[in-house]
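The values are calculated or read from the model by the stated rules, or taken from the named source; none is laboratory data. Source: prediction; values computed, not measured. Glycine gets a Cβ as well: all are built from the backbone with ideal geometry, and neighbour counts include every protein chain shown.
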């Protein structure tokens with residue numbers, strides 16, 4: 001009873017926004033972990049997911065900007081899915097949890113088999129209270145996940161997001177084959193060839209371009225992010 005009460009109390013902690021609240025769904029995903037990278041001037045909403053397991057055993061591991069892809073043996077994938085089921089069965093799991101330690105460190109875990117469960121956790125998994133030990137060890141292992149099959153992943157495209165804003169330093173010209181006004185209305189997909197030479201993931205770019213309307217002034221500043229997409233994912 002005490003363990004269940006402790007977990008329930010943690011669930012009632014103030015809600016922590018997920019780092020990827022606007023990310024598209026990943027077809028075939030059964031486990032997705034997003035962890036906002038802490039970098040000066042970065043945009044965590046554009047970071048690739050930290051860990052993704054698909055139903056077919058394909059796995060993706062992300063960092064600040066890029067992803068690696070690999071494939072697990074059947075037994076390896078089953079072991080992770082079994083641990084995910086254990087996490088799902090914790091009393092009071094779901095919603096926002098405080099693990100202890102630095103609350104600026106946030107993670108969003110989505111367990112998508114059967115009825116989806118989403119957990120947003122703040123803090124350091126090593127500081128988690130005993131009732132959350134299965135969740136804490138699972139998060140820690142996914143955060144540091146490595147596998148011999150992992151290789152650099154070339155995404156099929158990038159989700160571009162543009163907003164008005166200024167970053168420290170200079171700016172680059174727009175240079176895409178469509179006006180910047182077309183990208184201000186919402187995320188759109190661009191090809192790897194189009195983003196060659198641009199920063200990707202949580203590292204934004206500063207762009208100088210003409211205003212988005214006939215009455216807008218020239219040389220407005222914009223912040224552009226390019227989030228790598230997984231197979232079948234839409235912006």
From the list 121, 140, pick out the single residue that is outside any strand (DSSP E or B), over 16 Å from residue 81 (Cβ atoms) and in contact with a helix residue (DSSP H, G or I) (Cβ under 8 Å, 6 or more places away or on another chain).
-> 140
If you take the residues of the range 151-167 that are crowded, with 16+ Cβ neighbours inside 10 Å and within 19 Å of the chain's Cα centre (by Cα), which of them is farthest from residue 65 (Cα to Cα)?
-> 162
Only one of these is in the same structural domain as residue 146 (by TED's automatic domain parsing), touching a helix residue (DSSP H, G or I) at 6+ places or on another chain (Cβ under 8 Å) and modelled with pLDDT of 50 or more: 30, 52. Name it.
-> 30
With the condition kept exactly as written, say whether any residue in the range 98-113 is touching a residue at least 24 places away in the same chain (Cβ under 8 Å), in a helix (DSSP H, G or I) and over 30 Å from residue 199 (Cα atoms).
-> no
For residues that are surrounded by fewer than 18 Cβ atoms within 10 Å (Cβ to Cβ) and under 12 Å from the mean Cα position of the chain (by Cα), scanning just the range 55-79, find the one that is farthest from residue 44 (Cα to Cα).
-> 66
Residue 230: passes all of (1) touching a residue at least 60 places away in the same chain (Cβ under 8 Å); (2) under 18 Å from the mean Cα position of the chain (by Cα); (3) within 25 Å of residue 40 (Cα to Cα) but (3)
Name the residue, out of 199, 148, 204, that is surrounded by 14 or more Cβ atoms within 10 Å (Cβ to Cβ) and in a loop (DSSP other than H, G, I, E, B).
-> 199
